[in-house]
Amino acid sequence: MATNPLSRFINNSSSWLGLGVIGAISGVLVTVMITPLLAIGGITMANTIGVFDALPEYIEVGRQAQKNSIWIQKTSNPEDGHVKIAEVYWQNRDEAASDEVSQYLKDAAVAGEDRRFYEHKGVDIQGVIRAAIGNVASGGVTSGASTLTMQVVKNIFVQRAEALTDPEERDAAYAEATATNVSRKLKEMKLAIGLEKRYSKDEILLSYLNISGFGGNTYGVESAAHLYFGKSAAEVTLAEAASLIAIVQYPELRNLSKPENYEANQARRDVILRAMLEEGYVTQAEFNEAINTPVNDEYVTLTEPTSGCIAANKYTRYFCDYVVRNVQNFEALGATPDQRIENWRVGGYSLYTTMNYSLQKVAQTQVWKVPAKETRLSLGSVSDSIEVGTGRVLTMAQNTIFNDSLEGGGAGTSAVNFSTDRDYGGSGGFNTGSTYKVFALIAWLQAGHGLNEVVDASEFEKNQAAFVDTCTDGGGPWGGTWKFKNDSKAAPAVTVSQAVSASINSAFASIGEQLDQCAIRAAAESLGVHRADGAPLKTNPAAVLGTNELAPLTLAAAWAGIANGGIYCAPIVLDYATNGAGEKLDGQTPQCAQTLDPGVAAAAAKAMAGVMNGGTGNASNPGGQPIIGKTGTADSSVQTWIVVSTRKVATATWVGNIVGKYPMRSYPNGASFRHQITRAVMGEANAQYGGGSFPTPPSRFLSGGGVKVPALRGLTIEEATALLEGLGFEVTAGRQVDSPVPAGSILSSTPAEGSTLAKGQKVALNVSVGGKFTMPNFLAAYYSESTARATLLNRGATNITTLCTPTTPTLTQVGRVVAQTPAAEKSVGYNDPVTITVVRSTCP
């Protein structure tokens, strides 16, 4: 039988390719495959070969993404060493060496994807001819005769595309790397030939097994074997090896993460098994056992990944995620954010971070006491600590379990980091309640007011149009009536210090009424405060009571700035790093600036100390060190907060509704969780870091620019009004009171005489209506002259006379009142004469 010349050419192709004429023959092979398409598409042969010749001779396989590791300090002292909390890829990949990969996997890849892998030199001539015939029939590039080597080339370009940080560039590069067209096939063929020149078959096969995608974010056989079968790539069975290779052609349709993919996986697996039997890679007995193994839930053992923040130390997973999201800010990793991310994806870095493991375990243990699987509400909790003076993040605890897998982890898990902003963890923040009052306090002090000034706390609705707001992007202008209430009963007028320690809403509404709302926002922004969703801070009048949604870490950093004498330090997480060569790299330098006047900071701290010592935050005070703080409760107690700081450590704790509006005060222990968490965390922080006294504020921040209320008793209403208005106060009507002061005259004022008020504050005039009192009975019991006079004065008597009577045989108790006028129980005018007679040894 005569031999077909083309068959002889195909059968002898390996020897031709081994003679060094590979480039010329490759052009011919490509031409054979695409000639029908040239005619269909109108592309000239010269242009096609020109594209081929313009390609580089080879592509470097290169080092695939390596693990990065994240470390944290064991204690507050770096000399105590570090603990590794995570190994992180930007992909779930664990690169395996050749001796760590089962022979079954190697054979399955060759049998299933490229039977003539060990015969060709990168391009399979028989496959090219077969593909050419198929392409003629279809009128397009439906088959490209891809060899394992060509697939490695394709995957290298895919990996390069996915490593791009710009979404548009990444999508374009990925589309180019996976396009079904002539130019991509040309590129793959020529570069595959170059790969075969530079690398051995075993190296190319291992690269294929390590670079291929196996569904979702899983790459390489080692990670895939662990994910789907709970074992290493060296331990998989024949059936499991074939199932893994079955995934690579269509990862999303054949991966084993979902039962609906099982049937498609088994169908392709069985094709590969038959190919392995035909190629002599397995025995009939091995084949029979494998082919009769069904792909079902018993066959698949989905396993948690061993790399990534999802697999990090259980106490530190959210912090791990926050560190990874901050890679773009680590200047030692590259000149630009894109370079830093690209270098991180290549990997090999060890990051030594700021977290204090011993303190974190205390925080996380306490926060886990807030049930994450509660069915009555979506209950969340966070506690974050920052080092004062550096901004180093010491703790980051959350009550849910971190899970960023595609499938999710179910109830009690979340990929959203509630400690941070949307850009660094997906959270939009939470309503801060009264913690935001601190920024109104700072603006009050900056405007020249003092802590001892008295403000009105008697009103519970305000006309919002009366509030000044010079910001143009805070949501204004404002109008309508703003109604509010206090959490507990308060005096009608209080000092600003009292308003802070007792968190009196009505007093802060009056404070806000005297300030530019934009100045309150500026005070917040000077301490790094910003909305978690990136929008401008709201400047509505009610914002003083907490209408902005902020991240806990943001508030912790702000409090640290106050405790640091007005020097704000932005949060940082990296102390130092090492690269793949073991070279030490710089970490994040503290980013600190004096953003508040030290006197303002000291005065704010003085007021905030009252919160923690007998005020609303007292339950969070562990004692041992001076501490400042502020509580916050959003409307209907949907969110609860406490933010505190010593001179060394600041901590923000939030407990509340992730979504929904379930009242925390209706939940068992709902309003107390925040205090229990903070007390424990700060107790440990005090033990490790110590503290120190806060500076004494200058006296001007106590009295401020206020004016004392003058003595008004006895003045007419007209006289008192003229005097008060002349001092800059607003006069309002107070109570009408029975008193000895003549009817129609001023008895007293609210706030009282001597109180320091800011100009513009309201002073209520309490007017006497005269009236009478009831005469006491001084004869029914022993009354001395002094006791009787005191009693009369307390009842308002103003015209008291004392008479004397000498002792007699029947009047023997010297000093006793023995007669009175008027008689007991009589009604007496305040200015009417009252007489008492007292026994004495002798009378003048």
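Treating only the Cβ of Lys, Arg, Asp and Glu as charged (+1, +1, -1, -1), what charge dipole size does the chain show about its Cα centre? Round to the nearest 20 debye.
Values: 67 positive and 77 negative charges, 538 e Å.
That gives a dipole near 2580 debye.
For the chain, what is the mean residue ellipticity at 222 nm derived from helices alone (per DSSP H run of n ≥ 4: -39500 (n - 2.57); sum divided by total residues; nearest 500 deg cm²/dmol)? Walk me through the numbers on the way to the answer.
Details: 28 runs with 305 residues, N = 844.
Taking each H run of at least 4 residues, the total per residue is -11000 deg cm²/dmol.
Could you state the number of Å between the C-alpha centres of the stretch 262-300 and the stretch 460-529?
72 Å
Return the sequence-ordered ³J(HN,Hα) values of the stretch 678-687 in whole Hz as given by the Karplus equation 6.51 cos²θ - 1.76 cosθ + 1.60 applied to θ = phi - 60°, using x for Gly and Pro.
5, 4, 5, 5, 6, x, 5, 4, 4, 5
What are the ³J(HN,Hα) values, in whole Hz, obtained from phi via the Karplus relation 6.51 cos²θ - 1.76 cosθ + 1.60 with θ = phi - 60°, for each residue of the stretch 758-770 in sequence order, with x given for Gly and Pro?
Each residue of the stretch 758-770 in turn: 6, 4, x, 5, 8, 10, 8, 9, 9, 9, 6, 10, x Hz.
Could you please state, rounded to a whole Å, how far the C-alpha centre of the stretch 228-261 is from the C-alpha centre of the stretch 94-125?
Centre-to-centre distance over Cα atoms comes out at 16 Å.
Is the C-alpha gyration tensor of the stretch 664-716 telling us rounded, prolate or oblate? Criteria: a/c under 1.5 is rounded; beyond that, a/b larger than b/c is prolate, otherwise oblate.
Judged from the Cα gyration tensor, the stretch 664-716 comes out oblate (a/c at least 1.5, b/c at or above a/b).
Pop a pseudo-label 7 angstrom from the Cα along the beta-carbon direction at both ALA267 and ARG116 and give the gap in nm to one decimal.
2.8 nm
Looking at the stretch 330-412, which trypsin sites (Lys or Arg not before Pro) are in a loop (DSSP not H, G, I, E or B) and have at most 16 other Cβ atoms within 10 Å? Please report the intermediate quantities before stating the final value.
On the way: sites: ARG340, ARG345, LYS361, LYS369, LYS373, ARG376, ARG392; in loops: LYS369, LYS373, ARG376.
Passing sites in the stretch 330-412 are LYS369, LYS373, ARG376.
Relative to the longest principal axis of the C-alpha atoms of the chain, give the angle of the C-alpha long axis of helix 598-612, reported between 0 and 90° and rounded to the nearest 10°.
Relative to the chain, helix 598-612 is tipped by roughly 80 degrees.
Starting from the amide H of GLU453, placed 1.01 Å from N in the peptide plane, find each other amide H under 5 Å away whose residue is 5 or more places distant or on another chain.
VAL496
Over the chain, what is the relative contact order in percent, taking alpha-carbon pairs closer than 8 angstrom and at least six residues apart? Working shown, then result.
Values: 1828 pairs, mean separation 82.0, N = 844.
It rounds to 10 percent for the chain.
Given that just one value was derived from the coordinates, which of (i) -0.85; (ii) -0.75; (iii) -0.93 is log10 I(q)/I(0) by the Debye sum over Cα atoms at q = 0.08 Å⁻¹?
Label of the calculated value: (i).
Determine the shape class of the stretch 180-261: with a ≥ b ≥ c the square roots of the Cα gyration tensor eigenvalues, call it rounded for a/c under 1.5, and otherwise prolate if a/b is greater than b/c, oblate otherwise.
Judged from the Cα gyration tensor, the stretch 180-261 comes out oblate (a/c at least 1.5, b/c at or above a/b).
Given the options VAL362, THR716, ASN326, identify the residue whose Cα lies farthest towards the positive end of the charge dipole of the chain (+1 on Cβ of Lys, Arg; -1 on Cβ of Asp, Glu).
So the residue we want is THR716.
Roughly how many Å² of ASP338 are accessible to a 1.4 Å probe, to the nearest 10?
Counting only protein heavy atoms, ASP338 exposes about 80 Å² to solvent.
On a 0 to 90 degree scale, rounded to 10, what angle separates helix 45-54 from the longest Cα axis of the chain?
60 degrees
Reachable aspartates and glutamates from LYS197, Cα under 12 Å, same-chain residues fewer than 8 places away excluded?
Within reach: GLU57, GLU60.
Would you work out if the stretch 301-411 is rounded, prolate or oblate? Take a ≥ b ≥ c from the square roots of the eigenvalues of the alpha-carbon gyration tensor; rounded if a/c is under 1.5, else prolate when a/b is larger than b/c, oblate otherwise. Display every interim value, and only then the final one.
Values: a/c = 2.28, a/b = 1.34, b/c = 1.70.
Note, shape of the stretch 301-411 comes out oblate.
Just to check I understand the Karplus step: with θ = phi - 60° and J = 6.51 cos²θ - 1.76 cosθ + 1.60, what whole-Hz values come out for the stretch 187-197, glycine and proline as x?
Couplings: 4, 4, 5, 5, 6, 5, 4, x, 4, 5, 6 Hz.
I'd like the distance between the alpha-carbon centres of the stretch 330-345 and the stretch 606-633, rounded to an integer number of Å.
The stretch 330-345 and the stretch 606-633 have Cα centres spaced 42 Å from each other.
Any idea what angle helix 103-113 forms with the longest principal axis of the chain, computed on alpha-carbon atoms, 0 to 90 degrees, nearest 10?
In the chain, helix 103-113 runs at an angle near 70 degrees to the longest axis.
Subtract the Cα-Cα distance of ASP473 and THR336 from 0.36 nm times their separation in residues, and report this length gain in nm to one decimal.
Details: separation 137, 0.36 × 137 = 49.32 nm, distance 3.09 nm.
Roughly 46.2 nm would be gained on extension.
So what does GLU730 come to for accessible area, using a 1.4 Å probe and Å² rounded to 10?
GLU730 exposes around 90 Å² with every protein chain in place.
Let me have the relative contact order for the stretch 218-294, percent, based on Cα pairs under 8 Å that are six or more residues apart.
On the way: 68 pairs, mean separation 17.8, N = 77.
Relative contact order, the stretch 218-294: 23 percent.
If Rh is defined by the Kirkwood formula over all Cα pairs and Rg also comes from Cα, what ratio Rg/Rh do you get for the stretch 485-552? Before the final figure, lay out the partial values.
Working: Rg = 13.0 Å, Rh = 13.0 Å.
Reported Rg/Rh (Cα atoms, Kirkwood Rh): 1.00.
Show which lysines lie in cross-link reach of LYS185 when reach means a straight Cα distance below 18 angstrom and same-chain residues fewer than eight apart are skipped.
In chain and number order, the partners are LYS121, LYS154.
So, R0 is 51 Å and r is the distance between the beta-carbons of ASN777 and ARG700; what FRET efficiency does that work out to, to 0.05?
Plugging the Cβ-Cβ distance into 1/(1 + (r/R0)^6) gives 0.40.
Semi-axes of the stretch 606-705's equivalent ellipsoid from the Cα gyration tensor, sqrt of 5 times each eigenvalue, largest first, rounded to whole Å?
Details: eigenvalues 144, 65, 19 Å².
Largest first, the stretch 606-705 gives 27, 18, 10 Å.
Can you tell which of THR400, SER98, THR149 lies farthest toward the positive end of the dipole of the chain, using +1 and -1 charges on the Cβ of basic and acidic side chains (Lys, Arg; Asp, Glu)?
Result: THR400.
Too long at a 18 Å Cα-Cα cut-off: which of LYS106/LYS201; LYS437/LYS708; LYS462/LYS708; LYS437/LYS630? Write out the running numbers ahead of the final one.
Values: LYS106/LYS201 11 Å; LYS437/LYS708 25 Å; LYS462/LYS708 25 Å; LYS437/LYS630 8 Å.
The answer is LYS437/LYS708; LYS462/LYS708.
Cross-link list LYS361/LYS606; LYS84/LYS361; LYS369/LYS538: which exceed 24 angstrom alpha carbon to alpha carbon? Walk me through the intermediate numbers first.
Values: LYS361/LYS606 31 Å; LYS84/LYS361 15 Å; LYS369/LYS538 33 Å.
Long pairs (Cα-Cα over 24 Å): LYS361/LYS606; LYS369/LYS538.
What aspartates and glutamates does LYS231 reach when the alpha-carbon gap must be under 19 Å and sequence neighbours fewer than 8 apart in one chain are set aside?
Filter leaves GLU87, ASP94, GLU95, ASP99, GLU100, ASP107, GLU222, GLU240, ASP297, GLU298, GLU304.
What percent does the relative contact order of the stretch 172-241 come to when contacts are Cα pairs within less than 8 Å and at least six residues apart? Provide the component values of the computation, followed by the final result.
On the way: 35 pairs, mean separation 8.6, N = 70.
Relative contact order, the stretch 172-241: 12 percent.
The values are calculated or read from the model by the stated rules, or taken from the named source; none is laboratory data. Bear in mind that the values here come from a model prediction, so they are computed numbers and not experimental data. Positions of Cβ are backbone-derived with ideal geometry, glycine not excepted, and every protein chain shown enters the neighbour counts. For accessibility, only protein heavy atoms count, side chains too; no ligands or nucleic acids. Shrake-Rupley method; radii C 1.70, N 1.55, O 1.52, S 1.80 Å.
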